[in-house]
Structure formats: structure tokens, C-alpha cells
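Asker: Pasting in a structure now, in C-alpha cells, and then I'll have a few things to ask.
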Amino acid sequence: MAYEENFHQTSEAKYDCLLFDIDDTLYPLSSGLAMEVKKNIQEYMTQKLGIEEDKVQELCLSLYKIYGTTMAGLKAVGYDFDYDDFHRFVHGRLPYTTLKRDPILRNIILSLPIRKVVFTNADKAHAAKVIARLGLEDCFERIICFETLNPITKTESPVDTNTREIFDIISYIANPNPSIELPETPVICKPSEGAFEQVFKMANINPKKTLFFDDSIRNIQTGKRVDLHTVWVGASHREEGVDIALEHIHNIHEALPELWEADKAEEIRSRQKVAIETIA
Ligand SMILES: [Mg+2]
């Protein structure tokens, strides 16, 4: 009995899944891509949505803070635009050549004998391009992206667009009125808890046995609330909701030796299986 308990403890892996964000997580913020994304979003807001240039920065930040992504916020306050058009404009012109193949990360990911799933707010085309540039095409079981959680891209009729009022969120923040409810966004994305729950169902993930890697503290803190073990990437210190802070994704080895313990446990299991089969 004592032996069985002992064996059970060593063979039971703490984690059975790794859940990764992409941008500024699988590659460092220093690549400069995030700055370009921000610039393109602001250009979209002025050029395509007709927002005044001097209001764009503040609006962008407010929407991002409240709704998780600027796009989710723009939809919530009443702007009508096509998701694909937004993504093409924001991601289509990015200097992807700044991203280089990362054989070190590839080897680390492939050496782990547990499931790896990607969960990004970005669109499918962007996710695929970044993963290909990094040389990680065969590293993940599944990529959950914007289109996975938001499959309907239907836009409303032009009549609706013309008559629709835009909720003035900047005035609301300056002068919050408790009797006015903030409009909801139709976009499902991190850091909403609902988005995480949906991902768990879709990919059959048990959050209690999953390590979640993300560079956004808000995503990490929501992740913690929905029972994930959290790794804050690009950070040198821990904060509330952070289990492990990793300055660079390459440091997984040092920060999480138990992942390789899982590797050993798997080895023990398969060796035992072979022994039993041989005896039989
Ligand atoms: Mg990110």
C-alpha cells in the first residue's frame, strides 16, 4: 500500500497542459511589433472610423482598459466595422521579418510530453504568420484565436450605422454616473472569464492542471481566478495572481523543473508498461 501511494505520487504529473499566449509571450516585446500594432490601431480609428486625431490616444487606452482590447471596446461603444477589415489593417502591414526562427524555444516546447495549446486574441492570419516566422508550426495541438471565439463576422446594415449613437466613454470616465450602464461588447476575448471558460470547454482543458503563459497582467489575473497556474512572461517580479514570473520564455527550464519531472513520470509509466507487457 505504502509503495502504491508512493508510486502514485511520483507518477501523477502536476500539469497536463500548457496554454500559451502568442504576442510578446512567445517572442519578446523588444521585437517592436506591439508598437506597430498600436500605431495601426490608432490609424484605423482616425482613417476608417473618423475619430478625431487628438482624441484617439486617450480613447484607445480607455477602451483597452475597460474592454480588454481596443477592438472589443470600439464595438461596445457603437462603432460598426468589419472584423476582418480591422485585422487586415492592423496586422496586414506588420514588419514580420523582424521575427526570427527560435530553435531554442522549439526544442523546449517539443521536449515536453504534455499538451500545448495556444490562446490568442489575435486573428487567425496573424497567429499563423507569427508561429511560422518563429518556426513553431508543429509545436501546438491547437490554436484558439479571434475567429475561434467570434465565428460570426456579419456587419450590420448601413442604415443602422448612420443612425447609431456612439457612447461617449471619455466623458463617462471623467464623470462616472452610476445610473448609466456601460455598453457591453459583443467580442469574446481575454481577459474576460467567459472567454477562458469557453476555451476550457473547446479544448477540453482542466485549468487546475494547466500552466498559462501570458505577458498581460490582466490576462494572468483572470487566469488565476479561473483556476489556472500562471506564468507572467516578460516580468522580473511577481504580483497578485502571478505564480511564476519569467523574464524570457526561454527560462521555462529553470523556473519549472517539475515540467521535466512530468517527463520523468511519463518515462516511469511507459517503462512499467513495457515491463508488464514483457511479463505478460
Ligand atoms: Mg500578449
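Coordinate-derived values only; no laboratory data. Here the structure is a predicted model, which is why all the values come from computation and not from measurement. Cβ sites come from the backbone with ideal geometry, for glycine too, and all protein chains shown count toward neighbours.
Asker: Taking only Cα atoms, what is the 0 to 90° angle, nearest 10, from helix 193-202's long axis to the longest principal axis of the chain?
Answerer: Taking the Cα atoms of the chain, the angle to 193-202 is about 50 degrees.
Asker: What value, in deg cm²/dmol to 500, does the helix sum -39500 (n - 2.57) over DSSP H runs of n ≥ 4 give at 222 nm once divided by the residues of the chain?
Answerer: Roughly -14500 deg cm²/dmol at 222 nm, from the helical runs in the chain.
Asker: Could you give the size of the charge dipole of the chain about its Cα centre, using +1 on the Cβ of each K and R and -1 on the Cβ of each D and E, expressed in debye and rounded to the nearest 20?
Answerer: 560
Asker: How far is helix 257-279 tilted off the main Cα axis of the chain, in degrees rounded to 10, range 0 to 90?
Answerer: 40
Asker: For residue 209, list the lysines whose Cα falls under 18 Å from its own Cα; do not include residues on the same chain fewer than 8 positions away.
Answerer: 14, 116, 201, 224, 264
Asker: Right, something else. Can you tell me which lysines have their Cα less than 30 Å from the Cα of residue 39? Leave out same-chain residues fewer than eight positions away.
Answerer: 48, 55, 65, 75, 100, 124, 129, 154, 190
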